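For reference, the structure is listed below as structure tokens.
The values are calculated or read from the model by the stated rules, or taken from the named source; none is laboratory data. Since the structure is predicted, the reported quantities are computational estimates derived from the model, not experimental observations. Cβ placement follows ideal geometry from the backbone for every residue including glycine, while neighbour counts extend to all protein chains displayed. For the accessible areas, the whole protein counts, side chains as well, though only heavy atoms, and no ligand, DNA or RNA atoms are used. Shrake-Rupley method; radii C 1.70, N 1.55, O 1.52, S 1.80 Å.
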Amino acid sequence: MTATPTLWENPAGALHALAAALGIDPTKKFNEGPDELSFSDENFALTLSNDPVTRERQLSVLDSAMLGMKTKYGPSLTLRLKLAGQQLTIDDYSQAKLENFCKKVGNDPFELLITIDKAMLAAYWDFDAPDVSFKIFLFLEALVRALTIPLSEVEQDENSVLKGFTGERKLFILVPDHTVGGVSQSLELNGDYLAVLGGGAVGNWRNYLPQNSSDEALRKVKYVYAEAVDTLKWTQVPHQFLTPLHLLLDWPKPKGGNEQVPDKNDLIARPLFAQLLALSVLYTARESRFPSGSAEVKGGSWVATYEADKYLANIDVPDIEVIGNMLVSDTMQEPWQACQTAGRLAQWIYKEERGISNRSEVLQVAVASFLQDGKSSENLAELVLKAREIFERVQRRWDQFMEERLHKYFSQIKELEERVESTTKTYNEQFQSLTKGLTDNMLAAVAVIVGSFIAAIFKSPFQRYIFVFGLAVYALYLMIFPMAVGLVSQCQRFKDARDGFRKRQREFINRLSAAEVRQIVGNRISQNEQRFRRWFWLTTGLYTLVLISLIAAILLVPALLKNWTDDFSLTEASFEAPADREVVPLVIRGDGFDNTKEIVVTVGNSKLSNTDGKSVKVHGATVLTLTPPRADLAGSMLKNEAIRVRQGEANEQTIALPATIPPPAEAAFESLTWNEDGSLETTGSKLNLIPQLQSGGMKVPFKVSDDGRKLEITDQKALKKLHASRILEIVYKDGVKASVSLPASPISRKAQQD
């Protein structure tokens with residue numbers, strides 16, 4: 001069933017018609033609360049005339065009233081007439097059932113029950129929108145009662161229209177039957193959280209739908225409540241959510257016309273603005289004290305205290321009904337505007353998180369200075385009377401405060417900027433110090449290495465201890481002073497500068513704000529800190545690399561230089577005559593030979609060296625001569641082994657053997673001559689190759705001269721043996737013997753002749 005737009009007009013008309021048709025005692029009122037309207041009578045008597053015509057007319061009127069109720073309130077209505085087994089309900093109502101019920105009941109009393117579910121009624125009357133709650137009042141007096149609840153009970157009382165009004169959903173209070181002095185009148189009051197519409201203005205409800213999201217609206221009032229609990233001193237205050245923002249209402253201000261301020265005699269405005277005034281005092285006073293157990297005490301007053309500097313004023317805040325009566329007294333000229341101004345002051349204090357304590361302090365001074373000479377019982381009325389003046393004074397004081405604050409603010413900004421600049425300059429100086437120290441020490445390292453190297457090679461051979469000593473001393477210096485002392489000092493200076501700035505930054509945040517400090521500081525400090533860390537660790541790494549390089553140079557360079565200075569090259573190897581049966585003269589040619597260094601030549605199993613002065617002879621820088629054993633030469637050639645040559649610390653090099661080994665040279669006798677003195681003289685070739693002479697098993701001494709072309713035997717004992725045997729044996733080192741027959745000596749022939 002679709003509701004018509006006019007159903008909400010004359011909202012209680014159907015109820016009045018039913019009451020008249022049933023003959024309900026006018027003194028018995030309908031019980032209307034925020035969520036339900038009800039009427040019940042267990043002994044209700046319906047008096048119908050015995051005259052058929054009159055009875056028919058009465059039943060016709062009652063039928064019309066029943067149908068009117070069903071049409072007006074639809075599914076929200078519960079209507080029941082009940083007696084024993086007889087029952088008549090609005091759900092299956094018909095005129096025939098009504099006549100039948102009245103016939104069976106007669107004049108006996110029966111149970112009468114009427115209830116209207118207002119949530120269902122709002123939907124039936126087409127009051128429905130997201131994030132909105134609707135409270136419809138059929139009777140003006142019911143709304144007045146629902147608003148005139150003591151502040152200490154307004155959140156808990158079941159009959160309070162503000163119960164559960166957290167602010168998450170905007171509340172629309174609709175009272176179509178709104179009158180002032182018995183005359184129907186429109187009422188339009190609207191705020192962020194509440195809209196109160198009366199009379200014909202009810203039809204404009206869609207113009208006041210909430211603009212903000214429910215989450216944002218709830219967050220705002222929760223924030224105000226939390227800040228009040230945090231900054232104000234509340235004693236026994238039974239509040240959980242309600243704030244002045246909930247009840248801060250405005251009225252239409254048409255262009256070119258007068259403000260549509262509610263009439264001073266408006267019964268709804270009286271308790272509504274009284275609640276706003278009480279809440280405004282609660283949220284602006286320094287201290288509020290409710291009587292102990294105020295949630296259980298009906299009515300009663302509480303005390304608010306405004307205090308700042310040398311000023312102090314107490315305000316007795318009475319019951320809402322008393323406040324309402326005070327607002328409409330003759331002394332009040334613009335009570336609703338004054339209450340609205342009080343609400344604006346509360347809104348101003350909590351308009352943003354920053355500066356709440358400062359704004360509260362300014363307001364405390366303004367209110368306390370105005371009211372300190374008044375009586376606490378009269379100060380609430382005085383506050384209303386002087387609301388506009390207090391508001392203006394608060395704004396002036398705030399402007400003065402802000403002017404001083406701005407001067408201080410800009411001074412602090414300048415101080416912060418100077419601090420940023422000085423810290424940045426300190427970091428830059430540390431960068432330069434690190435760079436200069438690193439450059440100087442790198443140049444010093446190069447100088448030490450070059451100087452030590454030159455000093456070490458100034459004498460030959462390379463003086464290893466000079467080089468090692470120079471580098472070791474500088475490495476120790478680098479580790480102790482630039483690294484252990486210099487870098488640690490730089491790191492400590494950086495930490496001191498960083499910690500000092502951060503301490504000052506926290507102080508500035510307390511005086512300014514975190515966002516402002518972040519904006520002024522920007523990323524200059526963080527970038528410089530990151531730059532310093534990168535450069536510090538790079539410097540540390542370079543110092544460490546140089547230190548490792550110095551240690552590596554100490555360990556490796558002397559050996560490397562030794563290797564380089566001992567280096568040589570080989571070009572060819574050749575055999576030289578004469579060769580004998582045991583050794584073969586060998587010549588190795590090359591470059592870089594140095595007789596002051598140990599030279600070792602390995603041929604097969606033989607190692608020959610120049611250190612004994614015999615095995616290897618060095619001729620200048622290009623020739624080595626040696627006489628390796630023929631057997632080793634033959635073995636190496638058979639195994640295809642090369643000659644291996646090593647000089648000092650240089651790497652060993654190899655060179656191939658000549659293709660063939662020369663055969664051994666033999667001594668040859670050309671003539672054997674006995675001299676007159678009995679000595680034996682022979683001439684021939686290669687006589688110097690004869691290693692040993694024997695005769696009859698006796699070793700014969702001899703002397704070779706003229707480059708192996710002349711051999712003489714002068715030993716008398718040996719000569720006697722030779723005279724006797726006339727056989728001379730040549731004994732080679734390999735054991736081979738060769739015999740030579742001697743001619744008869746002149747001495748022997750002469751002895752024979754004699």
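Brief remarks follow.
Residues checked against (1) part of a strand (DSSP E or B); (2) under 30 Å from Gln185 (Cα atoms); (3) open to solvent by 50 Å² or more (accessible area, probe 1.4 Å); (4) not hydrophobic (A, V, I, L, M, F, W, C):
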residue: Trp8; (1), (2), (3), (4): no, yes, no, no
residue: Thr27; (1), (2), (3), (4): no, yes, yes, yes
residue: Lys72; (1), (2), (3), (4): no, yes, no, yes
residue: Arg80; (1), (2), (3), (4): yes, no, yes, yes
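- Residue count, segment 173-190 (criterion: outside any strand (DSSP E or B) and open to solvent by 10 Å² or more (accessible area, probe 1.4 Å)): 6
- Only one of the listed residues (Val645, Val616, Val603) is within 19 Å of Thr660 (Cα to Cα) and among the aliphatic types (A, V, I, L, M). That residue is Val603.
- Residues within segment 259-276 that are out of contact with any strand residue (DSSP E or B) (no Cβ under 7 Å at 6 or more places or on another chain) and over 21 Å from Trp205 (Cα atoms), tallied: 6
- Every test in (1) modelled with pLDDT under 90; (2) open to solvent by 20 Å² or more (accessible area, probe 1.4 Å); (3) not hydroxyl-bearing (Ser, Thr, Tyr) is passed by Gln58 save one, and that test is (1).
- When restricted to residues that are surrounded by 15 or more Cβ atoms within 10 Å (Cβ to Cβ) and among the hydrophobic types (A, V, I, L, M, F, W, C), segment 632-641 contains 2.
- Entry remark, segment 592-614: residues being part of a strand (DSSP E or B) and within 16 Å of Thr654 (Cβ to Cβ) number 8 in total.
- Qualifying residue in segment 689-701 (condition: touching a strand residue (DSSP E or B) at 6+ places or on another chain (Cβ under 8 Å), exposed (fewer than 14 other Cβ atoms within 10 Å of the Cβ), assigned to a loop (DSSP other than H, G, I, E, B) and at pLDDT 75 or above): yes
- A single entry from Phe431, Phe469, Phe494 fulfils the requirement of being hydrophobic (A, V, I, L, M, F, W, C), in a helix (DSSP H, G or I) and modelled with pLDDT under 70: Phe431.
- Unmet requirement for Ala285, which otherwise passes all of (1) in contact with a Phe, Trp or Tyr (Cβ under 6 Å, 6 or more places away or on another chain); (2) among the small types (Gly, Ala, Ser); (3) within 23 Å of Ala146 (Cα to Cα): (3)
- Restricting segment 657-674 to residues that are surrounded by 14 or more Cβ atoms within 10 Å (Cβ to Cβ) and out of contact with any Pro (no Cβ under 9 Å at 6 or more places or on another chain), the residue that is farthest from Lys710 (Cα to Cα): Leu657
- Residue match in segment 364-378 (condition: in a helix (DSSP H, G or I), within 45 Å of the chain's Cα centre (by Cα) and surrounded by 22 or more Cβ atoms within 10 Å (Cβ to Cβ)): yes
- For segment 591-629, filtering for residues that are surrounded by 16 or more Cβ atoms within 10 Å (Cβ to Cβ) and in contact (Cβ under 8 Å) with a residue 40 or more places away in the chain leaves 12.
- Cβ-Cβ under 6 Å pairs, at least 6 apart or on other chains, segment 10-25 side small (Gly, Ala, Ser), far side in a helix (DSSP H, G or I) and at pLDDT 90 or above: Ala14/Gly68; Ala14/Met69; Ala14/Lys72; Ala17/Ala65; Ala17/Gly68; Ala21/Val61; Ala21/Leu62; Ala21/Ala65
- Candidate set: segment 645-656, residues that are closer than 10 Å to Val601 by Cα and exposed (fewer than 15 other Cβ atoms within 10 Å of the Cβ); chosen: the one modelled with the highest pLDDT: Thr654
- Residue that is most open to solvent (accessible area, probe 1.4 Å), among those in segment 130-149 that are within 18 Å of Gly182 (Cα to Cα) and assigned to a loop (DSSP other than H, G, I, E, B): Phe139
- Where a residue in segment 529-548 is closer than 20 Å to Arg502 by Cα and its partner, wherever it lies, is not polar (S, T, N, Q), with Cβ under 6 Å and at least six apart: Phe532/Tyr427; Phe532/Phe494
- Set side by side, the residues Lys163, Lys170, Lys220 differ, and just one is touching a Pro at 6+ places or on another chain (Cβ under 8 Å), farther than 16 Å from Pro11 by Cα and open to solvent by 60 Å² or more (accessible area, probe 1.4 Å), which is Lys163.
- Enumeration of residues in segment 704-750 that are closer than 19 Å to Pro664 by Cα, open to solvent by less than 60 Å² (accessible area, probe 1.4 Å), in a loop (DSSP other than H, G, I, E, B) and at pLDDT 75 or above: Gly708
- Filter pass, Ala338 being closer than 18 Å to Glu392 by Cα and either at pLDDT 90 or above or assigned to a strand (DSSP E or B) (or both): yes
- If the condition is being open to solvent by 30 Å² or more (accessible area, probe 1.4 Å), assigned to a loop (DSSP other than H, G, I, E, B) and farther than 21 Å from Cys102 by Cβ, then segment 29-55 contributes Lys29, Phe30, Asp35.
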